[in-house]
1. Pick out, from segment 55-143, the strands (runs of 3 or more DSSP E) lying fully within it that include 1 or more residues that are modelled with pLDDT under 90.
2. Looking at 53, 45, 36 in this structure, which one is more than 13 Å from the chain's Cα centre (by Cα) and closer than 18 Å to residue 109 by Cβ?
3. Just to be sure before I move on: is residue 27 in contact with a helix residue (DSSP H, G or I) (Cβ under 7 Å, 6 or more places away or on another chain), free of Cβ contacts under 8 Å to residues at least 40 places away in the same chain and surrounded by 13 or more Cβ atoms within 10 Å (Cβ to Cβ) in the structure I sent?
């Protein structure tokens with residue numbers, strides 16, 4: 001029994017959140033988890049139990065809301081849950097990308113290659129074909 005495999009210690013949720021302070025993040029407990037902010041960006045980190053965490057959508061703060069990226073085809077926009085929109089500037093995208101990478105590193109999570117290339121959007125709203133989902137026989141000019 002000379003070669004025992006040591007089980008790596010799984011940090012608790014509180015230890016992971018406390019580790020974020022050395023990366024310059026500020027944390028605030030909320031009902032759905034812990035809100036993490038830095039440089040005008042924010043995310044909600046949830047405790048999944050057993051030391052596992054889940055990062056909600058990462059976004060830019062518009063007031064007190066977390067606005068997410070929406071790709072409009074010709075430009076990226078920030079859209080808050082209340083419907084408030086603002087154009088996404090290059091400084092927003094750079095801060096958002098650095099925030100996401102540092103948050104994953106601070107929480108001890110794996111950073112995936114495709115997410116490390118740049119900022120990722122979940123919504124793409126650049127398909128401007130009217131009535132595209134109405135079916136093949138529907139003409140947009142017909143009512």
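The values are calculated or read from the model by the stated rules, or taken from the named source; none is laboratory data. Keep in mind that this is a model prediction, so the values were computed, not measured. Methodologically, a virtual Cβ is constructed for each residue, glycine included, from the backbone with ideal geometry; neighbour enumeration extends over all protein chains shown.
1. Answer list for segment 55-143: 65-71, 76-79.
2. One residue alone meets the criteria, 53.
3. The answer is yes for residue 27.
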